[in-house]
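Trainee: Okay, here's the structure, questions in a sec.
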Amino acid sequence: KEIKKDEGYIKTWFIPFKMDNERNAGVVCVFEDITEQFNVMEAMRKFVADVSHELKTPITVISSYTETVLNSYLDDKAMTANLLNIVYQESGKMTELVQNLLDISKYEMKAIPVKKEPFSIDEMLMSLVKTFKLEAEKKELSLTYNRMTEIPMFLGSRSDIERAIKNIISNSIKYTSRGDKINIFAGKLHNEIYIKVEDTGWGIPESKLGHLFERFYRVEDEARSRDRGGTGLGLSIAKEIIENYKGKIKIESEYTKYTRVTITLPVPKE
């Protein structure tokens with residue numbers, strides 16, 4: 001029998017035994033804490049359900065639109081082109097989802113080697129601001145970068161760290177409104193390089209903060225909706241990347257006021 005106790009799960013066995021092979025003498029009870037195994041199985045079931053859900057929509061769109069083209073619009077080049085363009089976009093979403101899942105698995109299994117190439121965090125952040133400048137201006141957002149102290153060269157893969165920061169900046173742009181500000185700060189404190197991405201956007205309810213690094217998790221409320229796109233894997237990937245370089249990432253937020261993501265990376269030993 002399995003027993004739920006608070007947040008834990010206990011598996012029990014009851015084995016009766018006899019005295020002199022005739023009369024019942026008692027019962028041996030064996031208790032095993034299976035909380036960890038249960039949580040792993042629950043996570044696996046949830047993961048399979050989430051992947052299935054995320055793939056279901058693009059597969060349905062691709063199937064229905066392809067059928068529509070085949071049955072109705074083969075002679076209408078303009079309509080065919082429009083429908084096939086949608087099919088192409090949906091297939092791109094599926095490709096992105098599968099690639100992100102493969103990347104997360106590789107990071108978790110430590111299958112991606114940690115590169116030790118020196119690069120400038122400062123130059124990387126300045127480059128990222130230039131990359132996102134146009135996107136921010138389209139939404140009438142202020143996007144700035146401030147170097148607070150001299151930043152030593154970091155040993156690692158620039159493309160990896162850049163990918164993690166891109167995911168965070170992209171989220172900030174996605175979940176802010178006209179007139180909001182996105183400020184990026186970086187510097188060195190003690191033996192760590194820190195990078196902070198802070199925005200004055202919609203913020204995140206306190207009850208949701210603990211789930212933000214879960215795969216496929218997206219905050220759903222009036223301001224944040226699934227129609228804003230994305231796979232819900234961006235922060236999970238960012239976390240795996242940063243931790244792969246012995247760093248840390250945390251999120252602070254006050255609903256309707258601000259969100260701040262802080263990354264710390266160890267300063268390379270000389």
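The values are calculated or read from the model by the stated rules, or taken from the named source; none is laboratory data. The model shown is predicted, which means the values in this text are computed figures rather than measured ones. Heads up, the Cβs are rebuilt from the backbone with ideal geometry, glycines too, and the neighbour counts pull from every protein chain shown. Areas reflect the complete protein model, heavy atoms only, side chains present, ligands, DNA and RNA absent. Shrake-Rupley method; radii C 1.70, N 1.55, O 1.52, S 1.80 Å.
Trainee: In the stretch 48-83, which residues are in a helix (DSSP H, G or I) and either under 30 Å from Trp13 (Cβ atoms) or open to solvent by 90 Å² or more (accessible area, probe 1.4 Å) (or both)?
Mentor: Val48, His53, Lys56, Glu67, Leu70, Asn71, Lys77
Trainee: Consider only pairs whose beta carbons are under 6 Å apart and that are at least six residues apart or on different chains; among these, list those whose first residue lies in the stretch 50-72 and is under 15 Å from Glu90 (Cβ atoms) and free of Cβ contacts under 8 Å to residues at least 40 places away in the same chain and whose second residue is of a type in the set (S, T, N, Q) and open to solvent by less than 80 Å² (accessible area, probe 1.4 Å).
Mentor: Between residues of the stretch 50-72 that are under 15 Å from Glu90 (Cβ atoms) and free of Cβ contacts under 8 Å to residues at least 40 places away in the same chain and residues that are of a type in the set (S, T, N, Q) and open to solvent by less than 80 Å² (accessible area, probe 1.4 Å), the close pairs are Val69/Thr80.
Trainee: Step by step: first the residues of the stretch 100-150, then only those that are aromatic (Phe, Trp, Tyr) and over 22 Å from the mean Cα position of the chain (by Cα), then the one that is farthest from Tyr194 (Cα to Cα). Which residue is that?
Mentor: If we filter the stretch 100-150 for residues that are aromatic (Phe, Trp, Tyr), which is where we start, we get 107, 119, 132, 145.
Filter again for over 22 Å from the mean Cα position of the chain (by Cα), leaving 119, 145.
Numbers: Phe119: 15, Tyr145: 13 Å.
Of everything passing the filter in the stretch 100-150, Phe119 is farthest from Tyr194 (Cα to Cα).
Trainee: May I ask you to verify whether Glu117 is under 30 Å from Lys188 (Cα atoms), open to solvent by 30 Å² or more (accessible area, probe 1.4 Å) and touching a residue at least 60 places away in the same chain (Cβ under 8 Å)?
Mentor: For Glu117, the condition - under 30 Å from Lys188 (Cα atoms), open to solvent by 30 Å² or more (accessible area, probe 1.4 Å) and touching a residue at least 60 places away in the same chain (Cβ under 8 Å) - is not met.
Trainee: Which one of Leu143, Leu97, Leu125 is buried (at least 18 other Cβ atoms within 10 Å of the Cβ) and free of Cβ contacts under 8 Å to residues at least 60 places away in the same chain? Reasoning before the result, please.
Mentor: Numbers: Leu97 fails: free of Cβ contacts under 8 Å to residues at least 60 places away in the same chain; Leu125 fails: free of Cβ contacts under 8 Å to residues at least 60 places away in the same chain.
Checking each option against the conditions leaves just Leu143.
Trainee: Given the condition of a type in the set (Phe, Trp, Tyr) and more than 31 Å from the chain's Cα centre (by Cα), answer yes or no: does some residue in the stretch 52-74 qualify? Write out each step before concluding.
Mentor: Narrowing the stretch 52-74 to residues of a type in the set (Phe, Trp, Tyr): 65, 73.
Those left that are additionally more than 31 Å from the chain's Cα centre (by Cα): 73.
Scanning the stretch 52-74, I find at least one residue that is of a type in the set (Phe, Trp, Tyr) and more than 31 Å from the chain's Cα centre (by Cα), so the answer is yes.
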